[in-house]
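Just so it is clear, none of the values below were taken in a lab; they were calculated from the coordinates. Since this is a predicted model, take the numbers as computed values, not measurements. Ideal geometry is used to build each Cβ from the backbone, glycine not excepted, and the neighbour counts take in all protein chains shown.
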């Protein structure tokens, strides 16, 4: 092809194309991957929700168990109650608390994945 | 007790352990298999293995013995052991697995990028591990002595040899099978006899005095005091004495002992009338598992109870054999689900020891005097059912007890040997791991032979208190707090764990006899845990320049779900 002296390189401008989004990558995910400040903010928000879930269940545990020694000490005739509660009645609530926490924690993680993958 | 069935039962458990371990050996090929079973253990198998490992001699024999001697307050032990797993699940389980480290020192180094903190954590792991191995070996000795009259150290020796053989040969993969098998064995060994015992109790008219306080004799009963002991009476007690009391010789004389402490010489025969209150022997002269710090409990029961609750709730997460198990889960979500399954399994198991404790108060109250309270679980089938049936059930219980010593001891040996291999011995590799295994077991074995009469429950309590005040702050702050620094972590572990260690060591040496100082030192968790946390936080805040540079990336790895994580690493 003969060189045309009038042919020059021109810059074409236009609205920026969203190449990243088109390739399936979304912004929050990239931010996290590249460990930017914004990415850390995402991670911190996940940590906060998970910590809140853990602390909530822990608070319930403390409220459930914490007063028991005081109750037993305040009612010295309650030995049968003490046997019943400590021996047989606390384990099922502990398992239920654990199940509740796991459901919450897994839901938090699913929500987080959905958020950063922009689905 | 008839040992003609019990000895074969114990032998059978030992042989089965070796065989199941050998089965694991066949499929344990790589180094990763060896240490973490290649991280492919599914939640169900892993949960059974964790539970099998966790239910130690203290759980199998100790709780029933403690309840028998000291009443229902001692039921806080199993509750604490279980709730400790819940706290572990809430704050530690998934991030710990995602950290990708194998031991607690690995975790410390990964999180804080400091070799000094790693060393310190390693020292604590070895210390806590050895402290916890001691009661397992002593419990095995006690069981074998009660069953056969064999010398005290023989049972410990058997456990040590079997454990070193299985751990050194097969590593984590084979241990996983062994321990899963032993969980079910232990559950069966307590559940089946318990059903028969409850039936026997029903046919006896279902007496209910077990729940009264203090315990009383249901029928006239003669007790031979095998070891000289001091009897503490809150009320005057009428009994028939054949032997020496308070330095005076009696020959089948009925007498009334006034309130106070009485000295009973060994070989004395005491006969209690029906309905008499069961007296309590004054403190551990016998070194059994149930003689823990009884004096300080009576003085400050509320303080002691809360100390116990705090130590067990927070101490579980730092026990070396518990932590190692989490790295065998394939991912964080599995680690969480495994923990829930563990809670269910150990919760189900802990329903049984109180049954033995209550029946023990009814049918074998004199064990509190002979110093064999820990043997209550072993002796009850013989006492309540008797005959061949009682012997067979007793043999089943004895086999289960040995499974308890073997499984916990294997897990602890595994953890301690891992640290020794990685941080103490010159080169890593499976051969050195085997050397580490031997080292991990030799020290507590020697200690159990030399120290002998150390109260077992104290050693367990010490392990929990030290773990709660050193590893609990390290793990919780390491996982959730961005501003933790290496100097802060080291100072917190040293001040919290160190002070707890010194406190209980002083108590065991008998340093302050009575009073509030004694209670403070005997149950240190209530002040040493906050002290550990506080030191860690304050020193970290004082050294803000030392926050490791990669903290944000590491915390991201701890907390991000696995499906997002591949990219973070790349």
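Structure notes:
- Of interest is the spacing of the C-alpha centroids, which for segment A:98-119 and segment B:488-505 amounts to 37 Å.
- The value obtained for segment A:25-117, namely the Cα convex hull volume divided by the number of residues, is 84 Å³ per residue.
- Normalised by the number of residues in segment B:216-277, the mean separation of alpha-carbon contacts (under 8 Å, six or more apart) gives a relative contact order of 51 percent.
- Span from the segment B:55-81 Cα centroid across to the segment B:299-349 one, whole angstrom: 16 Å
- The C-alpha atoms of chain B define a longest principal axis, and helix B:456-480 lies at about 30 degrees to it.
- Taken along the Cα-to-beta-carbon direction at a fixed 7 Å, the label points for residue B:230 and residue B:271 span 2.9 nm.
- Computed from the C-alpha gyration tensor, the three semi-axes of the ellipsoid equivalent to segment B:216-277 are 16, 14, 11 Å, from longest to shortest.
- On Cα atoms only, tilt of B:3-26 relative to the major axis of chain B in degrees: 10 degrees
- Protection-proxy order for peptides B:388-398, A:56-66, each taking the mean of Cβ atoms within 10 Å per residue, highest first: B:388-398, A:56-66
- Highest average packing first - B:93-100, B:467-474, B:112-119, B:228-235, Cβ atoms within 10 Å: B:467-474, B:93-100, B:112-119, B:228-235
- Shielding score for B:305-315, defined as the mean number of other chain Cβ atoms within 10 Å: 2
- Gained length - residue A:103 relative to residue A:71, 0.36 nm times residue gap less alpha-carbon distance: 8.4 nm
- Counts of other chain beta carbons within 10 angstrom of each beta carbon in peptide B:555-564 average 6.
- For chain B, the 222 nm mean residue ellipticity estimated from helices alone, with every DSSP H stretch of n ≥ 4 adding -39500 (n - 2.57) and the total spread over all residues, rounds to -22000 deg cm²/dmol.
- Entry note, chain B: relative contact order of 27 percent, from Cα contacts under 8 Å with a spacing of 6+ residues.
- Along each principal axis, Cα extent of chain B, largest first, Å: 84, 52, 41
- The angle between the Cα long axis of helix B:352-363 and the main principal axis of chain B comes to about 10°, on a 0 to 90 degree scale.
- Across segment A:25-117, Cα pairs under 8 Å and at least six residues apart give a relative contact order of 45 percent.
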